[in-house]
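**Q** Take a look at the following structure, please.
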Amino acid sequence: MKLPEKVIITEVGPRDGLQNEKGQLPTAAKIKLIEGMAAAGLSSIEFGSFVSPKMVSQMADTDEIAKTIKRREGTEYIALLFNLKGYERARAGGVKAIGLAIAASDALNRKNMNQGTAEAFENVEPLVRQAKADGLRVRGGVATALGCPYQGRVSPEQVLECVKRFLDMGVDEIGLADTIGAGNPYQLQVLLEKVLKIVPVEKLGMHLHDTRGMGLALALTAAQMGVFRFDGSIAGLGGCPFAPGASGNVASEDLAYMFEEMGVETGINLDAMLEVARQAEDLVGRPLPGHVKGARLFPSNKPE
C-alpha cells in the first residue's frame with residue numbers, strides 16, 4: 001500500500017462542527033476546545049467564520065475568539081469568510097489564514113448565496129487579491145465536489161472548472177469537499193485522476209463527511225493517490241446548515257488513529273485528542289458519532 005509519510009489534519013470542528021448547533025454555546029468553552037486541539041498537536045485549526053450572525057448565529061462570537069485565543073507556535077488558525085466585510089473583521093482579529101468556499105453545483109450557490117457559481121467566483125476575486133497582497137494564506141474550497149442535495153450528481157468537469165478558477169486566483173491550497181457525504185471511493189479516484197493533472201498534490205486537500213459511513217474509505221483512497229491534507233471535525237461534529245442531509249464530518253481522531261496505525265505520521269497526540277473529543281461532547285450535551293473515542297484501544301498494530 002503506497003501512502004504518504006505524513007498527513008496534515010486541519011481541525012474544522014470549531015467552525016464547521018459547531019455552526020449547526022442551536023442556541024449560543026459559551027465562548028469560553030469554545031476557546032478551551034480550540035486551545036486543547038492545538039495542545040494535542042494539531043497544526044491547523046479552522047476556528048470560526050466571519051459571517052453575519054443572522055445567517056449563522058453560532059459564529060457571532062468569532063471576533064472575540066480571534067482576539068482571545070492563545071495562539072500556539074506552529075499552529076495555523078484559519079477563518080472562513082465570504083466577502084470583504086468579513087475580511088476586514090478577520091484582519092482586525094489578527095487572522096493570517098482564510099478559507100473560502102464555493103460550490104461546484106450552481107444549484108447550491110443559488111440556494112445559499114442567491115448567485116450562480118461563475119458570479120460567486122467573480123465576487124471573491126477582489127478578496128483573494130487583497131488577501132494575497134496582505135501576505136495571508138488562502139484556502140479555496142470546492143463544495144459539493146461529489147454530489148449536491150439539489151442538483152444530485154456533480155460532474156468532474158464542474159469541479160475542474162472551479163479548481164481552475166481558484167488556481168487562476170493564486171490560492172495556496174484547494175480543498176475538495178464531499179459536502180453531503182455522497183461520494184464513494186471509485187468516484188473519488190476518477191475525480192482525483194483528473195484534478196491531480198492540474199493541481200500539485202501538495203496544494204490539494206480533502207474535506208469529507210461521514211453521512212453514509214464513507215469518510216475514512218474516501219480518506220484512504222485519496223491518501224493512496226498521494227493526498228496528504230485532510231479536514232476533520234472533533235468527535236464527528238457538524239455538517240452544513242445550508243445543505244440538507246449533510247450530517248457529521250469525518251472525526252479528526254478517527255483520521256489520526258487510522259493513519260497512525262498504518263505508520264503515517266500525523267503529529268497528533270491521540271490520548272490528548274480523545275480528551276478534547278470528550279470535551280466536545282460535554283459542550284454540546286449529547287453523544288457524538290466519532291468511533292475511536294468510545295472504543296477500547298488495544299496495543300498498536302503499527303507496521304514495524
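None of the figures in this text is laboratory data; all of them are computed from the coordinates on show. Because the structure is predicted, anything quoted here is derived from the model rather than measured. Cβ sites come from the backbone with ideal geometry, for glycine too, and all protein chains shown count toward neighbours.
**Q** Okay, helix-only estimate at 222 nm for the chain: each DSSP H run of n ≥ 4 adds -39500 (n - 2.57), divide by all residues, round to 500 deg cm²/dmol; what do you get?
**A** Working: 10 runs with 114 residues, N = 304.
Only helices count here, giving -11500 deg cm²/dmol.
**Q** Give me the net charge for the shell around Gly17: Cβ to Cβ below 11 angstrom, other residues only, Lys and Arg +1, Asp and Glu -1. Mind showing how you got there, number by number?
**A** Numbers: positive: Arg15, Lys30; negative: Glu11, Asp16, Glu21, Glu46, Asp231.
Net local charge, Gly17 excluded: -3.
**Q** Another one. Explain nothing, just compute: Karplus ³J(HN,Hα) = 6.51 cos²θ - 1.76 cosθ + 1.60, θ = phi - 60°, for every residue of the range 72-85 in order, whole Hz, x for Gly and Pro.
**A** Residue by residue, the range 72-85 yields 8, 4, x, 10, 8, 10, 10, 10, 8, 7, 10, 8, 5, 4 Hz.
**Q** I want the local charge near Ile69. Using Cβ-Cβ distances under 10 Å, sum +1 for each Lys or Arg and -1 for each Asp or Glu among the other residues. Mind showing how you got there, number by number?
**A** Values: positive: Lys30, Lys32, Lys67, Lys70, Arg71, Arg72; negative: Glu35, Glu64.
With Lys, Arg at +1 and Asp, Glu at -1, the neighbours total +4.
**Q** If you don't mind, another one. Placing +1 at every Lys and Arg Cβ and -1 at every Asp and Glu Cβ, with all other atoms neutral, what dipole size does the range 1-144 have around its Cα centre, in debye to the nearest 20? The partial results should precede the final answer.
**A** Numbers: 21 positive and 17 negative charges, 35 e Å.
I would put it at about 160 debye.
**Q** Looking at Gly236, Gly183, Ala280, which one has the Cα that reaches farthest to the positive end of the dipole of the range 161-286 (charges on Cβ: Lys, Arg +1; Asp, Glu -1)?
**A** Farthest towards the positive pole: Gly183.
**Q** Residue by residue through the range 260-271, which ³J(HN,Hα) values in whole Hz follow from phi under the Karplus form 6.51 cos²θ - 1.76 cosθ + 1.60 (θ = phi - 60°), with glycine and proline marked x?
**A** Values, residue by residue: 4, 5, 9, x, 9, 6, 10, x, 9, 7, 5, 4 Hz.
**Q** For the chain, build the convex hull from the C-alpha positions and give me its volume per residue in Å³.
**A** Considering the Cα atoms of the chain, their hull volume per residue is 119 Å³.
**Q** Could you name the lysines whose alpha carbon sits less than 25 Å from that of Lys30, not counting residues in the same chain fewer than 8 places away?
**A** Those lysines meeting the cut-off are Lys22, Lys54, Lys67, Lys70, Lys85, Lys96, Lys293.
**Q** May I pose another question? Assign unit charges at the C-beta atoms only (+1 for Lys and Arg, -1 for Asp and Glu), then state the dipole size of the chain relative to its Cα centre in Debye, rounded to the nearest 20. Write out the running numbers ahead of the final one.
**A** On the way: 34 positive and 37 negative charges, 98 e Å.
Roughly 460 debye for the chain.
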